[in-house]
1. On the given criteria, is residue 339 in a helix (DSSP H, G or I), exposed (fewer than 14 other Cβ atoms within 10 Å of the Cβ) and hydrophobic (A, V, I, L, M, F, W, C)?
2. Hey, could you check the range 40-49 for residues that are at pLDDT 75 or above and in a helix (DSSP H, G or I) and say which is farthest from the chain's Cα centre (by Cα)?
3. Write out, first by first residue and then by second, each pair whose Cβ atoms fall under 7 Å of each other, whose residues are 6+ apart or on separate chains, and whose first residue, in the range 201-216, is within 10 Å of residue 25 (Cα to Cα) while the second is outside any helix (DSSP H, G or I).
4. Anything in the range 298-336 that is surrounded by 13 or more Cβ atoms within 10 Å (Cβ to Cβ) and under 16 Å from residue 256 (Cβ atoms)? List them, or say none.
5. Would you be able to tell me the number of residues in the range 3-39 that are assigned to a loop (DSSP other than H, G, I, E, B) and out of contact with any Ser or Thr (no Cβ under 8 Å at 6 or more places or on another chain)?
6. Quick one: which of 286, 236 is under 30 Å from residue 223 (Cβ atoms) and in contact with a helix residue (DSSP H, G or I) (Cβ under 8 Å, 6 or more places away or on another chain)?
7. Pairs, please: C-beta under 8 Å, at least 6 apart or cross-chain, first residue farther than 16 Å from residue 178 by Cα and in the range 33-61, second among the β-branched types (Val, Ile, Thr) and at pLDDT 75 or above?
8. Specify which of the listed residues (244, 216) is of a type outside the set (Ser, Thr, Tyr), farther than 30 Å from residue 38 by Cα and loosely packed, with under 13 Cβ neighbours inside 10 Å.
Amino acid sequence: MADDNKTEQATPRRRHQAREKGQVARSRELIGIAATAGTLGVIAVSAGRFVHDWRLLFRVALNDGALSEWNFQNFSLIAPAANLGKQTVLALGMGWILAGIAALAQGGFVMAPGCLAPKAERMSPAAKLRQLFSVVAIGNSLKALLPAAAITYIAVSVLGRDWEPLTRLSGRTPIGVAAFAFARLFEVAWKSTLVLVAWSGADYLFQRFRFEHGLRMSRQELMDELKETEGNPAIKARIRRLQRQVRRRRMLKDTERATVVITNPSHYAVALEYRPEMGAPLVVAKGRNLLALEIKQIARWHGIPLVENPPLAHALYRAVEVGQSIPLKLYAVVAEVLAFVYRTQAQVRRRA
């Protein structure tokens, strides 16, 4: 039931934590078959050289043993042994290189120092016995039987096909017997390698699927991770609400120094401040609906003129943020409004 709740894909943080623990989608069969294929490839390319070096080594060793007492100080063995060693190192080295490439291609280079830390359960015989007889161990054993059965079938089919030449090997020379045996063994080897390559590819896909399924998260885990990385959403929402309230109070306070308030007349309100030393009028407050009503109430209380101009109110509300100057394209319209306000104020003063 717990796995049924894990329906969400793993987050990058979850993947990074798994990688730090050394958990990556990796198939050991693919690494092993890459090493085997590299070794067999070198042997196939340089098979003649291998046979020549082995034959030379045996001939020198037998001749020296027949003519004198054989020992490790016999320098005649150094050259053939060195040649054979180079071929062997080349074959093994190619296997190691391809194994490393296969490992890096699956999961990249992973450094997990935590996996090297000593743990009591790793040294517990009871834990090891439980692992040997666990469902996973039994499944791995059954899984290994499939390629083994395929390889056995290949060997039996090759043996059955060449059974008649096999019964006549007694009439061949030792070199002919060795060549026949080597050819059949090599055929079984490369066919088995193809089977194992296909099997290891399928195993990698299965391991990747199992790895991705194991990394899945529940909605609760996603929420917990969000709280750990970005904080509690409720607390963040409260902080944003408090910040909006502070900005709103500051904006309403700035409305007191406005020169004019342009309205919609009821839905929008934009407060403009202009002084002769300013380069352009400044938007000190703006709002709509309830906030617009508050701005207009403050304007009436402080005797700031209210001018109804719906197109200009819409344009200023959408184009200019609080604290910014009006754009150049609105200079003329705003100048007319300000001129009207100044004329009206002058007339009121003359009458007073």
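1. Taking the combined requirement at face value, the residue satisfies it.
2. So the residue we want is 49.
3. Sorted first by the residue in the range 201-216, then by its partner, the pairs are 204/27; 207/25; 207/26; 207/27; 208/25; 211/25.
4. Hits for the range 298-336 are 298, 299, 304, 305, 306, 322.
5. Summing the residues that are assigned to a loop (DSSP other than H, G, I, E, B) and out of contact with any Ser or Thr (no Cβ under 8 Å at 6 or more places or on another chain) in the range 3-39 gives 9.
6. Exactly one residue qualifies, and that residue is 236.
7. Close Cβ pairs (under 8 Å, with a partner that is among the β-branched types (Val, Ile, Thr) and at pLDDT 75 or above) amount to 33/193; 33/197; 34/101; 36/193; 37/193; 37/197; 38/97; 40/193.
8. The unique qualifying residue is 244.
The values are calculated or read from the model by the stated rules, or taken from the named source; none is laboratory data. All figures in this text were calculated on a predicted structure; none of them were measured in a lab. Positions of Cβ are backbone-derived with ideal geometry, glycine not excepted, and every protein chain shown enters the neighbour counts.
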